[in-house]
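Accompanying notes for the structure given below.
The values are calculated or read from the model by the stated rules, or taken from the named source; none is laboratory data. Predicted model, so just to flag it, every value in this text is computed and none were measured. Please note: Cβ atoms are built from the backbone with ideal geometry, for glycine as well, and neighbour counts cover all protein chains shown. Side chains are part of the model used for accessible areas, which takes the heavy atoms of the whole protein and leaves out ligands, DNA and RNA. Shrake-Rupley method; radii C 1.70, N 1.55, O 1.52, S 1.80 Å.
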Amino acid sequence: MSKETGEIIVLGTGTSHGVPVVGCKCPTCLSEHPRNQRTRSSILVQAPQGNFIIDTTPEMRIQLIRETVDLVHAAVFTHSHADHIYGLDDLRQFGHLLDQDIPLYCEENVAEQLKQAFSYAFVPSENNKRRGAIPRFELKPITTNPLELLGLPLQPIRLMHGKLPIFGYRFANVAYCTDVSEIPPSSWPLLENLDVLIIDALRYREHPTHFNIAQALEVIEKVCPRQAYLTHIAHDIEHEKASESLPENVSLAWDGLRIPFDY
Ligand SMILES: [Zn+2]
Ligand SMILES: [Zn+2]
Ligand SMILES: [Zn+2]
């Protein structure tokens with residue numbers, strides 16, 4: 001039986017400041033190499049029945065235009081830090097185009113944060129009733145139980161982001177694990193037999209809430225994906241220089257990278 005193939009579009013690979021960092025004159029920030037230009041971290045997944053996005057960064061609209069993505073049917077969130085949620089309003093467009101509520105899959109605590117940060121979307125007010133102004137969203141609280149999204153099984157993976165429990169996600173033989181500094185014992189089995197692992201590797205030095213490159217490489221060595229990509233990258237890391245010293249099955253991800261995967 002022939003397998004169907006989808007595609008992941010890596011929309012952004014930068015840390016919370018993005019790269020270049022405003023006002024910074026370091027070699028990476030001054031570099032004109034396109035792979036040293038990193039918008040905030042997010043991916044788009046082409047599933048059998050539509051596209052879902054993991055996290056809605058402040059640059060989401062620009063990312064979708066850059067990659068000529070015409071429709072997003074659903075969003076999934078890893079956690080509620082600013083660099084992962086503040087593009088949410090721009091999903092408004094798709095609710096109106098599709099004439100349906102856009103489901104937002106996230107943990108209960110993330111749903112609460114979204115309701116606070118985007119109260120106008122969830123609590124309609126008298127002066128904000130105009131069609132087009134109010135996004136059509138439906139919060140879909142999730143747990144560690146697997147779910148099905150747009151025809152693709154989706155498995156949340158508990159990760160620790162410093163002391164904050166957050167979610168990574170596995171679909172088919174792909175795992176997306178951003179903003180992680182520790183993988184709890186119960187999550188390791190969910191990372192077995194991967195074709196593709198996309199994992200946080202902030203910088204060279206250690207950090208309290210993110211893996212650095214050395215720690216990400218340790219995880220990669222342990223789970224042995226066919227190919228690994230590093231993401232959520234700070235300006236300490238210059239693309240060409242860092243790429244020289246990575247193992248053969250590991251590369252830095254970059255904005256606009258497209259990764260095919262089997263359903
Ligand atoms: Zn982040
Ligand atoms: Zn810099
Ligand atoms: Zn974070």
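Could you tell me whether the stretch 133-141 includes any residue that is surrounded by fewer than 14 Cβ atoms within 10 Å (Cβ to Cβ) and in a loop (DSSP other than H, G, I, E, B)?
Step one: filter the stretch 133-141 for residues surrounded by fewer than 14 Cβ atoms within 10 Å (Cβ to Cβ), giving 133, 138, 141.
Remaining after also requiring in a loop (DSSP other than H, G, I, E, B): 133.
Yes, the conditions are met somewhere in the stretch 133-141.
Could we say that Thr39 is within 16 Å of ligand 3 (Cβ to nearest atom), out of contact with any Cys (no Cβ under 8 Å at 6 or more places or on another chain) and touching a residue at least 24 places away in the same chain (Cβ under 8 Å) here? Yes: the conditions hold for Thr39.
For the stretch 203-263, which fully contained strands (runs of 3 or more DSSP E) count at least 2 residues that are in contact (Cβ under 8 Å) with a residue 60 or more places away in the chain and closer than 26 Å to Val69 by Cβ?
Where strands (runs of 3 or more DSSP E) fall fully within the stretch 203-263 and carry at least 2 residues being in contact (Cβ under 8 Å) with a residue 60 or more places away in the chain and closer than 26 Å to Val69 by Cβ, they are 227-231, 258-262.
Being over 16 Å from the mean Cα position of the chain (by Cα) and either free of Cβ contacts under 8 Å to residues at least 24 places away in the same chain or open to solvent by 50 Å² or more (accessible area, probe 1.4 Å) (or both) is the filter here, so list the residues in the stretch 1-32 that pass it. Once the filter is applied, which keeps residues that are over 16 Å from the mean Cα position of the chain (by Cα) and either free of Cβ contacts under 8 Å to residues at least 24 places away in the same chain or open to solvent by 50 Å² or more (accessible area, probe 1.4 Å) (or both), the stretch 1-32 yields Met1, Ser2, Lys3, Glu4, Thr5, Pro20, Val22, Gly23, Lys25, Pro27, Leu30, Glu32. Taking first residues from the stretch 67-82 that are more than 26 Å from Pro165 (Cβ to Cβ) and partners that are within 16 Å of ligand 3 (Cβ to nearest atom) and open to solvent by 10 Å² or more (accessible area, probe 1.4 Å), no Cβ contact under 9 Å between residues at least 6 apart in sequence or on separate chains turns up.
Where residues in the stretch 42-71 are charged (D, E, K, R) and over 16 Å from Leu104 (Cα atoms), which of them is nearest to ligand 3 (Cβ to nearest atom)?
Of the stretch 42-71, the ones charged (D, E, K, R) are 55, 59, 61, 66-67, 70.
Now drop any that are not over 16 Å from Leu104 (Cα atoms), which leaves 59, 61, 66-67, 70.
Working: Glu59: 16, Arg61: 21, Arg66: 23, Glu67: 23, Asp70: 29 Å.
Among them, the one singled out is Glu59.
Look through the stretch 33-53, keep the residues that are under 11 Å from the mean Cα position of the chain (by Cα) and under 20 Å from Phe94 (Cα atoms), and return whichever of them is surrounded by the most Cβ atoms within 10 Å (Cβ to Cβ). Give the steps one after another, and end with the answer.
Step one: of the stretch 33-53, the residues under 11 Å from the mean Cα position of the chain (by Cα) are 40-45, 52-53.
With under 20 Å from Phe94 (Cα atoms) added as a condition, the list becomes 42-45, 52-53.
Numbers: Ser42: 29, Ile43: 26, Leu44: 20, Val45: 26, Phe52: 24, Ile53: 26.
That would be Ser42.
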